[in-house]
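Chemist: This is the structure I have questions about; it appears just below.
The values are calculated or read from the model by the stated rules, or taken from the named source; none is laboratory data. Note that the structure is predicted; figures quoted are calculated from it, not measured. With ideal geometry, Cβ positions are generated from the backbone for all residues, glycine too; neighbour counts draw on all protein chains shown. What goes into the accessible areas is simple: the full protein's heavy atoms, side chains included, and nothing from ligands, DNA or RNA. Shrake-Rupley method; radii C 1.70, N 1.55, O 1.52, S 1.80 Å.
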Amino acid sequence: NAGLLELSLGKFRNVLLNKTNPAEAVIRNIASNVTVVIFQVHAQQSDVVISFDKNPSVNSSGTGVDKGLVSILRPQQSVCTWYLRSLDASQVLSTAISIPYMEKDPIPGGCNLEFDLEVDPNIYIDYTLVDTHIKFAPANLGYTRGANPPSCDSGTGQNSRWRLRYDVYQYFLPENELSEMVLLSHIRKMSEVQSIKANGIKMLTLTTDDKTNVYFSSLPGQGVIYNVIVWDPLWNTSAAYIPVHTYACSFADLVDNCFSLSKLSTKIFFTALAVLGLFTCFFGHRFWKTDLFFMGFIFAGFFFFVFITRVTGLGYDVRLILTAVSGITGGLFLVASWWRFGSVLLCMFIIGLVLGFLFSSTVFFTPLGDYRVFRDDVVFWVTFCSVALMIPVLFVGCPRILNILASGIVGSYAVILAIACYVYTSLAYITLDLLRRVLNDYFSRAYTNVPFQTNDFIILSVWTMLALSGVTVQLRRERSEVPFPPHPYLIWKRERERRSTNVLDPSHHIPPLRERIHNKLMHIKEFFQKEQPAGERTPLLL
């Protein structure tokens, strides 16, 4: 509970904070070889205030869910004190820790020129639905107690802070876990240098010449912890900044909060698409026109959604409805094109392109997509399109195999997208990251690493089994059939000519369509007419 907190260096302590009674955190008996103590406190969603004084000021305090302060120790100092309180009226569960560093360890945020604190070890984070941005102040070299800190701008040689390196780490919380106890237990793994290296994923290394800000792809509903380790290569010493976390969503919003991310319109759209995709997965080649409609729907719907998002400011639900309409139109157009012209080559190019785009998206979904060379949009799109076009080119000589593969793989992935509307899975970001890159000019700067945990392995197994089953069933069923159905328009013309010339054909004597419709309407009209009495009825003659 709030009050006097006796802490030990390097030991975590959970504490309930409130607004009215600040907690006083005290560390005693600090060793003389410790020159810096970084004190930090973490909460899940409610801001806390951490300060050097009971009455916090802008230059001596920090406010947020992940905040810390650096105490530069004076000679003979063995006690440090900080004050904690929440901004929320109710009690807030938090965890606190103090970490000691020696004179040769770099000081996180020691060359801060941007933020309020003189020495600021905090990482500042903000997010949108598309990307998450972290930034931090540069570090300084360590020094002994009582000495003046090294100058931040005295030079760029090996005896200055310019020799420091910054390793940025990422850590994923368990999927579908939004409880504060899970966060507080896992954030401990990202607070100290050795623990960060053991548990975090190293994303990149920055030099002092680089800007101290990094962008990541946002994962709404998925907890992520970020931290930075500053390393001094001369002394081979390191220090950690204050870890920060985000779920890329709001717990407080009544609509579209962290507990209900998918809109109803999204669920309806992808559930309907999954039903059609599941049918196509197993019966796509047999029901050729249904397969064409499905592929045409995806092809037209994707490009139309990109177009209206780029050029209009329409709301999401309206855009999704228009995308469905355009997808249906595109599917019907592809079916009509096949019926009129019978061009298997054109239809298979569209189908191969859909499969190629999914394959290329999967390639860039791997760690290959985070290579620095693909930050350049020209390099990325040329490579992406080349990989996508490789699929229809490779299978140009065996269109039936291409169609069966496309219907099995793409149809089963539609089921995965529908599952992602109800249960978090990283597999949805195979195509979502592609859509983000198309729609956002600056998404190329974001690292697109995602978690791959038990949930994802299960859903990947479902996708694999569906795709393999669908492809196998279709290959076995279609091996003795003709590769593609005959041209329907030519069949229709041939049948019409045969009926008009062959008087022995019973269909030759079928009345024209207009006359048949007229006769049907007359039958319906007679059904509703009142029945006339039989015989003659005359009045009696008196």
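Chemist: Return the total of residues in region 359-378 being surrounded by fewer than 14 Cβ atoms within 10 Å (Cβ to Cβ) and among the hydrophobic types (A, V, I, L, M, F, W, C).
Modeler: Number of matching residues: 3.
Chemist: A further question follows. In contact (Cβ under 8 Å) with a residue 12 or more places away in the chain, open to solvent by less than 50 Å² (accessible area, probe 1.4 Å) and not in a helix (DSSP H, G or I), is that true of PRO392?
Modeler: Answer is no for this residue.
Chemist: Can you name every one of the strands (runs of 3 or more DSSP E) wholly within region 1-94 that holds 2 or more residues which are open to solvent by 10 Å² or more (accessible area, probe 1.4 Å), of a type in the set (A, V, I, L, M, F, W, C) and out of contact with any Ser or Thr (no Cβ under 7 Å at 6 or more places or on another chain)?
Modeler: 66-72
Chemist: With (1) in the same structural domain as ALA137 (by the TED database); (2) of a type in the set (D, E, K, R); (3) within 23 Å of VAL415 (Cα to Cα) as the list, and ASP232 as the residue in question, which single condition is left unmet?
Modeler: With respect to (1) in the same structural domain as ALA137 (by the TED database); (2) of a type in the set (D, E, K, R); (3) within 23 Å of VAL415 (Cα to Cα), ASP232 is out only on (3).
Chemist: Is it true that ASP441 is at pLDDT below 95, assigned to a loop (DSSP other than H, G, I, E, B) and under 21 Å from the mean Cα position of the chain (by Cα)?
Modeler: Taking the combined requirement at face value, the residue satisfies it.
Chemist: Search region 413-428 for residues that are in contact (Cβ under 8 Å) with a residue 24 or more places away in the chain and pair each with any residue that is assigned to a helix (DSSP H, G or I) and of a type in the set (Asp, Glu) when their beta-carbon atoms are under 6 Å apart and the residues are at least 6 apart or on different chains.
Modeler: THR425/ASP456; SER426/ASP456
Chemist: Tally time: how many residues in region 145-192 are loosely packed, with under 15 Cβ neighbours inside 10 Å, among the hydroxyl-bearing types (Ser, Thr, Tyr) and in contact with a Gly (Cβ under 8 Å, 6 or more places away or on another chain)?
Modeler: Adding up the residues that qualify gives 0.
Chemist: Considering region 335-345 alone, what residues qualify as being part of a helix (DSSP H, G or I) and either under 11 Å from TRP288 (Cα atoms) or modelled with pLDDT under 80 (or both)?
Modeler: VAL335, TRP338, TRP339, ARG340, PHE341, VAL344, LEU345
Chemist: Name the residues in region 100-116 that are surrounded by fewer than 20 Cβ atoms within 10 Å (Cβ to Cβ) and under 34 Å from the mean Cα position of the chain (by Cα), would you?
Modeler: Within region 100-116, LEU113, GLU114, PHE115, ASP116 meet the criteria.
Chemist: Output yes when any residue across region 346-353 is farther than 22 Å from THR431 by Cα and in a helix (DSSP H, G or I), and no when none is.
Modeler: Yes, the conditions are met somewhere in region 346-353.
Chemist: Next question. Of the residues that make up region 400-420, is at least one of a type in the set (Phe, Trp, Tyr) and buried (at least 21 other Cβ atoms within 10 Å of the Cβ)?
Modeler: Looking for residues that are of a type in the set (Phe, Trp, Tyr) and buried (at least 21 other Cβ atoms within 10 Å of the Cβ), one finds at least one in region 400-420, hence yes.
Chemist: Filter region 107-119 down to residues that are touching a Phe, Trp or Tyr at 6+ places or on another chain (Cβ under 8 Å) and of a type outside the set (A, V, I, L, M) and give me whichever is nearest to CYS152 (Cα to Cα).
Modeler: By that ranking, first place goes to GLY109.
Chemist: Further, regarding this structure: Which one is nearest to PHE304 (Cα to Cα), of the residues in region 315-343 that are touching a residue at least 40 places away in the same chain (Cβ under 8 Å) and open to solvent by 40 Å² or more (accessible area, probe 1.4 Å)?
Modeler: Across region 315-343, the extreme among qualifying residues is ILE321.
Chemist: Another question, if that's okay. I'd like the full set of residues that are of a type in the set (A, V, I, L, M) and farther than 21 Å from GLU114 by Cβ, limited to region 193-222.
Modeler: VAL193, ILE196, ALA198, ILE201, MET203, LEU219, listed by residue number.
Chemist: Enumerate the strands (runs of 3 or more DSSP E) found wholly within region 190-272, keeping only those where 3 or more residues are of a type in the set (A, V, I, L, M, F, W, C) and without any contact (Cβ under 8 Å) to a residue 24 or more places away in the chain.
Modeler: none
Chemist: Can I ask one more? Tell me, please, whether a residue that is open to solvent by 70 Å² or more (accessible area, probe 1.4 Å) and not acidic (Asp, Glu) can be found in region 237-251.
Modeler: No.
Chemist: Follow-up. Could you please find all residues in region 117-141 being open to solvent by 20 Å² or more (accessible area, probe 1.4 Å) and either in a loop (DSSP other than H, G, I, E, B) or basic (Lys, Arg) (or both)?
Modeler: The answer is GLU118, VAL119, THR128, LEU129, VAL130, LYS135, PRO138.
Chemist: Regarding SER461, is this residue at pLDDT 90 or above and closer than 15 Å to PHE282 by Cβ?
Modeler: no
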